[in-house]
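Okay, structure first, notes after.
The values are calculated or read from the model by the stated rules, or taken from the named source; none is laboratory data. In this text the structure is predicted, and so the values were computed from the model without any measurement. Positions of Cβ are backbone-derived with ideal geometry, glycine not excepted, and every protein chain shown enters the neighbour counts.
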């Protein structure tokens, strides 16, 4: 290891994080193991002043090995973000107005010289659902619309589709709808809020039974293992938050092709941590807010995902 870095992590409240599975905690433990300073702050602490730039009340912590407690609190201070070697935005969605406001503040911090990952403008401009439209060669048949006639025609054409809001996470409000589903109109009305909200419709992929794969890209480097989130019996959603079971496995040739095509494009935009969702060789989402699955892949394969991430952070902070 070279010079010790001073790293700040923007997180949800610390005591609500689950150490046994939280990717951000895995990152912080790896950083501490390499001798770096680990600081944490909450999004609501971000502030701007013309003489100080963007700053926040931050807490220095020492990550511990256990789950309860998983950290030891240290110094608390008001720190300008430019005084950290890197700031890692790891706030979970929802991607609401306050999330957008945080990206505005972080963009000002970056303009003042702070290294912020993921790049705040890239986060703000990058819809995790709609981002796949940039890479149609890898996607399943997809429609983005809010007009009921358009969506109904799509359902009739394909016969079996998945509907989801553009701002959901963790499998929330995802519906599988067949052409003969007696509830399809009420599902459409609910998801589109009577035609006031745009949604995504995709061809149903039977390969979901083998898992919704999470493929990680860190600083433009592709992690060689994916986590297949396999739906529980009777479910069509593989998300771990929806009860899916995570099984790590080597990338397929198709998954590697997708990841290696996207990796340099996304890293050039300052997206350090990216989580692709792939079902049956089809790209379904590009996650950039706080992608997870570090712990599961590392535990099951022995490949240190947090180690690769810290390698990339260190390389970005000469």
Worksheet item: If you go through the range 15-32 one residue at a time, how many are in contact with a helix residue (DSSP H, G or I) (Cβ under 9 Å, 6 or more places away or on another chain) and either closer than 14 Å to residue 86 by Cα or assigned to a helix (DSSP H, G or I) (or both)?
Response: 9
Worksheet entry | Residue within the range 173-184 that is closer than 30 Å to residue 88 by Cβ, assigned to a strand (DSSP E or B) and modelled with pLDDT under 95 present | no
Worksheet item: Say we look at the range 199-209 and pick out the residues that are surrounded by fewer than 16 Cβ atoms within 10 Å (Cβ to Cβ) and within 23 Å of the chain's Cα centre (by Cα); which of these is modelled with the highest pLDDT?
Response: 207
Discussion item. Exposed (fewer than 15 other Cβ atoms within 10 Å of the Cβ), in a loop (DSSP other than H, G, I, E, B) and without any contact (Cβ under 8 Å) to a residue 24 or more places away in the chain: is that true of residue 72 in this structure?
Written reply: no
Discussion item. Out of everything in the range 87-119 that is part of a loop (DSSP other than H, G, I, E, B) and under 22 Å from residue 316 (Cα atoms), what residue ends up being modelled with the lowest pLDDT?
Written reply: 91
Worksheet, complete the sentence: Given the conditions (1) closer than 30 Å to residue 220 by Cβ; (2) modelled with pLDDT of 95 or more, every one holds for residue 151 apart from (1)
Worksheet item: Pairs, please: C-beta under 6 Å, at least 6 apart or cross-chain, first residue more than 14 Å from residue 273 (Cβ to Cβ) and in the range 284-308, second at pLDDT below 95 and assigned to a strand (DSSP E or B)?
Response: 296/246
Response to the item:
By residue number, the members of the range 33-52 that are assigned to a loop (DSSP other than H, G, I, E, B), touching a strand residue (DSSP E or B) at 6+ places or on another chain (Cβ under 9 Å) and under 18 Å from residue 112 (Cβ atoms) are 46, 52
Practice prompt. May I ask you to list the residues in the range 125-146 that are at pLDDT below 95 and out of contact with any strand residue (DSSP E or B) (no Cβ under 8 Å at 6 or more places or on another chain)?
Written response: 125, 127
Worksheet entry | Test: residue 195 is modelled with pLDDT under 95, crowded, with 18+ Cβ neighbours inside 10 Å and assigned to a loop (DSSP other than H, G, I, E, B) | no
Worksheet, complete the sentence: Taking the range 264-279 and keeping only residues that are closer than 13 Å to residue 138 by Cβ and either touching a strand residue (DSSP E or B) at 6+ places or on another chain (Cβ under 9 Å) or not assigned by TED's automatic domain parsing to the domain that holds residue 231 (or both), one is left with 276, 277, 278, 279
Response to the item:
Picked from the range 147-188 (must be farther than 22 Å from residue 277 by Cα and in contact (Cβ under 8 Å) with a residue 40 or more places away in the chain), the residue surrounded by the most Cβ atoms within 10 Å (Cβ to Cβ) is 151
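Residues are listed down the side, and each one gets a yes or a no for (1) under 18 Å from the mean Cα position of the chain (by Cα); (2) within 20 Å of residue 271 (Cα to Cα):
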position: 9; (1), (2): yes, yes
position: 18; (1), (2): yes, no
position: 21; (1), (2): yes, no
position: 31; (1), (2): no, yes
position: 48; (1), (2): no, no
position: 57; (1), (2): no, no
position: 75; (1), (2): no, no
position: 90; (1), (2): yes, yes
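Here's the yes/no breakdown for (1) assigned to a helix (DSSP H, G or I); (2) outside the structural domain of residue 251 (by TED's automatic domain parsing):
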{"site": "121", "(1), (2)": "yes, yes"}
{"site": "133", "(1), (2)": "yes, yes"}
{"site": "150", "(1), (2)": "yes, yes"}
{"site": "156", "(1), (2)": "yes, yes"}
{"site": "163", "(1), (2)": "no, yes"}
{"site": "167", "(1), (2)": "no, yes"}
{"site": "189", "(1), (2)": "yes, yes"}
{"site": "200", "(1), (2)": "no, yes"}
{"site": "227", "(1), (2)": "no, no"}
